[in-house]
Amino acid sequence: GPQAEIHTLGCGPLLEAAVRTLCRAGARLAEPGEFTLRAFLSGRIDLTQAEAVLGVVDAVDGQQLAAALEQLAGGLAQPLQELRNRLFDLLVHLEAGLDFPEEDLPFLSRLELGRQLQEASEQLQNLAEQLQTRRMSDEGVTVVLVGRPNVGKSSLFNALLRRTQAIVSPCPGTTRDYLVGQLDAAGLRCRLVDTAGLDWVQVVSASGGTGEGEQGQMSVGAVSQQMSVRQVREADVLVWCVDGSQPMEPEEWAELVARGRAPRLVVLTKGDLPVRIDVEQLADQCGVGPIVTSSRTGQGLEELRSRLRETIEGLAATGGHAVWATAIRSAESIRLAEQALRRAITLGAETCPEELIAAEIRLALEEIGKVSGAVYTEDLLEQIFSRFCIGK
């Protein structure tokens, strides 16, 4: 039926009166996401663009807004359509040859078929990277403070959050599990995690040791070490805290210079005390210049916020620009499509029947269609659009 948007003053009683009058005259309120749903069903936008509308509404910082606007403009819709067109053309060639073998039709050699399948696979991998969010949730990137006991992680945690959330004590081992706070990193939102201090000697000797199922028999200290190691593994960004007023242990050096998955920043804490570490050697070994901070005086905190923002923006540049809902929804379909294309490439190289290759391409097309919305179910649409506010 006909639809209309009414723009009026933001006066509560006036709005209520207008709504009552319109509903008495036969109008009804729009369902959640109804305008966006109609645009999707009429083919004006695909499902990734529909989810981008919600991403724009729910954005909590400039980075999330930019990602949603890029996706709304077709940043995912266009490459998804190009990939589907490429695979559909390959499928047409294969099935035409199967259905009309006696006709003089253009023929794709196995070598050319393999080359085009490989290009399509690489295109899909690029899309997977674009959808990959490196565990970035709607709460933001996870930044983890890590270091030896009593290096000043909790003091830094409180100073960055500008409030006292972590208990601080001169006694090592005060933090026994971990704390989470929401940090504004020079305009970007992220989760800041304060972990229990890691005893690197125990961590190295216990690697591959006690499993989670045995936590009931483990000491509190051992459990806290295990929890800290888990937080380090799941971090998007690591902030390695080193007590600049104390010499470093050999095990601490070894862990610090090891290259991990997550980008890292190195912070020298207690910068208001005499420095007893060779800062130049530390920079050479770690490949990154340390930031000298003092939670007591505020030294280096703004530089740390700025460096965190740069690091998080770097994650966005390499991790893709996709709204969180799209990335989560599409992960399984992209994985299955990748597997189908790899199987098709293998079958082509082994000169298997072309019917089998065509079946794998059809499977990949179906999974990619689920991402774009070319293939959908009523349940899927209900799940997506129920999160919208009224109208939109």
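In segment 267-392, the portion of solvent-accessible area held by carbon and sulfur atoms comes to 52 percent [1.4 Å probe, whole percent, DNA, RNA and ligands not counted]. Excluding ligands, DNA and RNA, the accessible surface per residue across segment 1-77 is 60 Å² with a 1.4 Å probe.
The share of accessible area on segment 1-54 that comes from carbon and sulfur is 61 percent, using a 1.4 angstrom probe. Apply 1/(1 + (r/R0)^6) to the Cβ-Cβ distance of Trp253 and Arg296, taking R0 = 25 Å, and write down the FRET efficiency to the nearest 0.05. Computed FRET efficiency for Trp253 and Arg296: 0.45. Under 5 Å from the amide H of Gly147 lie the amide H atoms of Leu198, Cys241, each residue being 5 or more positions distant or on a separate chain, with H modelled from the backbone and absent for Pro and chain starts. Largest first, the residues Cys352, Cys11 sort by 1.4 Å accessible area into Cys11, Cys352. Placing pseudo-labels 7 Å out from each Cα toward the beta carbon at Ala27 and Gln246 gives an inter-label distance of 6.8 nm. Computed over segment 6-99, the P(r) curve from all C-alpha pair distances, binned at 10 Å from the origin, holds 13, 25, 26, 20, 9, 5, 2 percent per bin.
The values are calculated or read from the model by the stated rules, or taken from the named source; none is laboratory data. Worth saying up front: this structure is predicted, and the values here are computed from it rather than measured. FYI the Cβ positions are ideal-geometry reconstructions off the backbone, even for glycines, and counts take in every protein chain you see. Note: accessible area is taken over every heavy atom of the protein model, side chains too, but ligands, DNA and RNA are not part of it. Shrake-Rupley method; radii C 1.70, N 1.55, O 1.52, S 1.80 Å.
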